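Asker: Before we start, here is the structure in question, set down as C-alpha coordinates.
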Amino acid sequence: MAAPCSGKTVFAREYSGHRGVEVLDFGLELQSGPGWHAWLRRIAGRAGIRIRPQTVLDGLDSAARLDAWYVLARRRLSEASGPLCLLGPAGVPDVESWSGVRFALVELPQEEHLERARQRHERWPWDKSSRPTVVRKHRAWAREYAESKAIPIYSSFLEALDASLIDDAARAKRA
(Lines give C-alpha, C1' and ligand atoms only; values in the text may rest on other atoms or scores of the structure.)
Protein backbone atom coordinates (compact mmCIF):
# COMPACT_ATOMS: atom_id res chain seq x y z
CA MET A 1 0.00 0.00 0.00
CA ALA A 2 1.17 3.53 -0.68
CA ALA A 3 -0.12 7.08 -0.99
CA PRO A 4 -0.45 8.71 -4.42
CA CYS A 5 2.81 9.78 -6.09
CA SER A 6 4.87 7.17 -4.20
CA GLY A 7 6.14 5.50 -7.36
CA LYS A 8 3.93 2.39 -7.54
CA THR A 9 3.80 2.43 -11.35
CA VAL A 10 7.53 3.03 -11.74
CA PHE A 11 8.37 0.25 -9.29
CA ALA A 12 6.01 -2.20 -11.02
CA ARG A 13 7.67 -1.47 -14.37
CA GLU A 14 11.23 -1.74 -13.07
CA TYR A 15 10.69 -4.82 -10.87
CA SER A 16 7.89 -6.65 -12.73
CA GLY A 17 9.38 -10.07 -11.97
CA HIS A 18 11.47 -9.45 -8.86
CA ARG A 19 12.81 -12.72 -7.40
CA GLY A 20 10.05 -14.73 -9.09
CA VAL A 21 7.23 -12.47 -7.89
CA GLU A 22 4.94 -10.81 -10.42
CA VAL A 23 4.67 -7.14 -9.42
CA LEU A 24 1.65 -5.15 -10.63
CA ASP A 25 0.40 -1.64 -10.15
CA PHE A 26 -3.14 -2.91 -9.75
CA GLY A 27 -4.64 0.54 -10.28
CA LEU A 28 -3.30 0.52 -13.83
CA GLU A 29 -4.60 -3.00 -14.36
CA LEU A 30 -8.11 -1.81 -13.49
CA GLN A 31 -8.09 0.83 -16.21
CA SER A 32 -10.41 -0.30 -18.93
CA GLY A 33 -10.33 0.45 -22.59
CA PRO A 34 -7.84 -0.23 -25.34
CA GLY A 35 -4.12 0.45 -24.98
CA TRP A 36 -4.37 3.38 -27.39
CA HIS A 37 -6.42 5.24 -24.76
CA ALA A 38 -3.45 5.36 -22.39
CA TRP A 39 -1.19 6.67 -25.15
CA LEU A 40 -3.77 9.29 -26.10
CA ARG A 41 -3.91 10.41 -22.45
CA ARG A 42 -0.13 10.79 -22.31
CA ILE A 43 0.08 12.79 -25.53
CA ALA A 44 -2.88 14.98 -24.58
CA GLY A 45 -1.45 15.47 -21.09
CA ARG A 46 1.78 16.85 -22.48
CA ALA A 47 -0.31 19.31 -24.49
CA GLY A 48 -2.22 20.32 -21.36
CA ILE A 49 -5.44 18.57 -22.40
CA ARG A 50 -7.06 16.49 -19.69
CA ILE A 51 -8.37 13.07 -20.63
CA ARG A 52 -9.47 11.19 -17.54
CA PRO A 53 -8.45 7.52 -17.23
CA GLN A 54 -11.31 5.08 -17.45
CA THR A 55 -11.55 2.36 -14.83
CA VAL A 56 -14.07 -0.24 -13.79
CA LEU A 57 -14.49 1.83 -10.60
CA ASP A 58 -15.72 5.01 -12.29
CA GLY A 59 -18.91 6.43 -10.86
CA LEU A 60 -18.29 5.18 -7.31
CA ASP A 61 -17.70 7.50 -4.38
CA SER A 62 -14.27 7.24 -2.73
CA ALA A 63 -15.31 4.80 0.03
CA ALA A 64 -17.13 2.49 -2.39
CA ARG A 65 -14.20 2.73 -4.84
CA LEU A 66 -11.74 1.59 -2.17
CA ASP A 67 -13.95 -1.34 -1.15
CA ALA A 68 -14.42 -2.36 -4.80
CA TRP A 69 -10.66 -2.06 -5.41
CA TYR A 70 -10.00 -4.62 -2.69
CA VAL A 71 -12.75 -6.96 -3.92
CA LEU A 72 -11.11 -6.95 -7.36
CA ALA A 73 -7.64 -7.34 -5.79
CA ARG A 74 -8.81 -10.41 -3.88
CA ARG A 75 -10.15 -11.88 -7.12
CA ARG A 76 -6.87 -11.16 -8.94
CA LEU A 77 -4.86 -12.79 -6.13
CA SER A 78 -7.06 -15.90 -6.22
CA GLU A 79 -6.48 -16.23 -9.99
CA ALA A 80 -2.68 -15.86 -9.74
CA SER A 81 -0.67 -18.90 -10.74
CA GLY A 82 2.37 -17.85 -8.68
CA PRO A 83 3.56 -15.26 -6.18
CA LEU A 84 2.00 -11.86 -6.81
CA CYS A 85 2.57 -8.39 -5.38
CA LEU A 86 -0.26 -5.90 -5.97
CA LEU A 87 0.55 -2.24 -5.44
CA GLY A 88 -2.33 0.00 -4.47
CA PRO A 89 -3.91 2.33 -1.93
CA ALA A 90 -4.02 2.00 1.83
CA GLY A 91 -7.28 1.04 3.45
CA VAL A 92 -7.83 -2.69 3.07
CA PRO A 93 -11.08 -3.60 4.76
CA ASP A 94 -10.82 -6.36 7.36
CA VAL A 95 -7.10 -7.24 7.18
CA GLU A 96 -7.69 -10.39 9.24
CA SER A 97 -9.82 -12.00 6.51
CA TRP A 98 -6.96 -12.02 4.00
CA SER A 99 -5.40 -15.35 4.97
CA GLY A 100 -1.96 -15.87 3.45
CA VAL A 101 -1.69 -12.28 2.21
CA ARG A 102 0.87 -9.88 3.63
CA PHE A 103 0.24 -6.17 3.74
CA ALA A 104 2.84 -3.46 3.98
CA LEU A 105 2.77 0.31 3.76
CA VAL A 106 5.47 2.04 1.78
CA GLU A 107 6.07 5.56 3.02
CA LEU A 108 8.86 7.31 1.15
CA PRO A 109 10.87 9.97 2.95
CA GLN A 110 8.66 13.06 2.85
CA GLU A 111 10.98 15.25 0.75
CA GLU A 112 11.39 12.50 -1.88
CA HIS A 113 7.63 11.96 -1.92
CA LEU A 114 6.88 15.66 -2.35
CA GLU A 115 9.45 15.87 -5.16
CA ARG A 116 7.74 13.00 -7.01
CA ALA A 117 4.42 14.77 -6.50
CA ARG A 118 5.88 18.02 -7.86
CA GLN A 119 7.14 16.22 -10.96
CA ARG A 120 3.74 14.63 -11.54
CA HIS A 121 2.02 17.97 -11.02
CA GLU A 122 4.25 19.58 -13.65
CA ARG A 123 3.23 16.90 -16.18
CA TRP A 124 -0.46 16.78 -15.23
CA PRO A 125 -1.42 19.98 -13.38
CA TRP A 126 -5.07 18.91 -13.11
CA ASP A 127 -4.12 15.79 -11.10
CA LYS A 128 -5.36 16.69 -7.62
CA SER A 129 -3.52 13.75 -6.03
CA SER A 130 -0.18 15.43 -6.74
CA ARG A 131 -0.90 18.55 -4.70
CA PRO A 132 1.37 18.81 -1.62
CA THR A 133 -1.58 19.16 0.76
CA VAL A 134 -3.21 16.03 -0.68
CA VAL A 135 0.06 14.06 -0.50
CA ARG A 136 0.58 15.06 3.14
CA LYS A 137 -3.02 14.19 4.00
CA HIS A 138 -2.78 10.74 2.35
CA ARG A 139 0.58 10.06 4.01
CA ALA A 140 -0.77 10.87 7.46
CA TRP A 141 -3.93 8.85 6.96
CA ALA A 142 -2.05 5.83 5.55
CA ARG A 143 0.46 5.83 8.43
CA GLU A 144 -2.31 6.08 11.02
CA TYR A 145 -4.21 3.31 9.26
CA ALA A 146 -1.17 0.99 9.06
CA GLU A 147 -0.28 1.56 12.70
CA SER A 148 -3.87 0.84 13.80
CA LYS A 149 -3.83 -2.48 11.90
CA ALA A 150 -0.23 -3.44 12.90
CA ILE A 151 0.81 -3.33 9.24
CA PRO A 152 4.59 -2.91 8.85
CA ILE A 153 5.85 0.34 7.32
CA TYR A 154 8.83 0.48 4.96
CA SER A 155 10.64 3.33 3.26
CA SER A 156 10.76 1.68 -0.19
CA PHE A 157 8.84 -0.84 -2.25
CA LEU A 158 11.91 -3.02 -2.68
CA GLU A 159 12.48 -3.13 1.08
CA ALA A 160 8.82 -4.12 1.66
CA LEU A 161 8.83 -6.83 -1.01
CA ASP A 162 12.17 -8.28 0.10
CA ALA A 163 11.04 -8.32 3.75
CA SER A 164 7.97 -10.30 2.74
CA LEU A 165 10.08 -12.78 0.78
CA ILE A 166 12.52 -13.21 3.69
CA ASP A 167 9.55 -13.89 5.98
CA ASP A 168 8.27 -16.51 3.50
CA ALA A 169 11.68 -18.22 3.43
CA ALA A 170 11.82 -18.30 7.24
CA ARG A 171 8.35 -19.88 7.38
CA ALA A 172 9.33 -22.52 4.81
CA LYS A 173 12.40 -23.49 6.88
CA ARG A 174 10.22 -23.93 9.99
CA ALA A 175 7.70 -26.12 8.17
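Asker: At 0.36 nm per residue, and after removing the present C-alpha to C-alpha distance, how many nm does the segment from residue 42 to residue 15 gain when stretched out fully?
Answerer: On the way: separation 27, 0.36 × 27 = 9.72 nm, distance 2.22 nm.
Extra length from residue 42 to residue 15 when fully extended: 7.5 nm.
Asker: Using helices alone, what [θ] at 222 nm do you get for the chain, with -39,500 (n - 2.57) per DSSP H run of 4 or more residues, divided over all residues and rounded to the nearest 500? All intermediate terms of the calculation are to be shown ahead of the outcome.
Answerer: Numbers: 7 runs with 90 residues, N = 175.
My calculation for the chain gives -16500 deg cm²/dmol from helical runs alone.
Asker: With a cut-off of 8 Å between alpha carbons and a minimum separation of six or more residues, what is the relative contact order of the chain in percent?
Answerer: Relative contact order here is 31 percent.
Asker: Keeping every protein chain present and rolling a 1.4 Å probe, give me the accessible area per residue for the chain in Å². Present the calculation step by step, with values, prior to reporting the outcome.
Answerer: Values: 10520 Å² over 175 residues.
Result: 60 Å² per residue.
Asker: Another question, then. Counting only protein heavy atoms, what percent of the accessible surface of the chain is carbon or sulfur at a 1.4 Å probe?
Answerer: With neighbouring chains kept in place, the figure for the chain is 54 percent.
Asker: Treating cross-link reach as a plain straight distance, find the aspartates and glutamates whose alpha-carbon is under 12 Å from the alpha-carbon of residue 149, omitting any fewer than eight places away in the same chain.
Answerer: Partners within reach: 94, 96.
Asker: Could you give the angle, 0 to 90 degrees to the nearest 10, between helix 132-148's Cα long axis and the longest principal axis of the Cα atoms of the chain?
Answerer: 20
Asker: Given R₀ = 22 Å, FRET efficiency for residue 22-residue 163 by Cβ-Cβ distance, to 0.05?
Answerer: For residue 22 and residue 163, the calculated efficiency is 0.80.
Asker: Here are some values of Cα extents along the principal axes in Å: (i) 56, 35, 30; (ii) 99, 35, 27; (iii) 71, 26, 20. Which one was computed from this structure?
Answerer: (i)
The values are calculated or read from the model by the stated rules, or taken from the named source; none is laboratory data. If you're wondering where the values come from, they're calculated on a predicted model, not measured in any experiment. Because the Cβ atoms are built from the backbone with ideal geometry, glycine has one as well, and the counts that use them run over all protein chains shown. Protein only, heavy atoms only, side chains kept; ligands, DNA and RNA dropped before computing areas. Shrake-Rupley method; radii C 1.70, N 1.55, O 1.52, S 1.80 Å.
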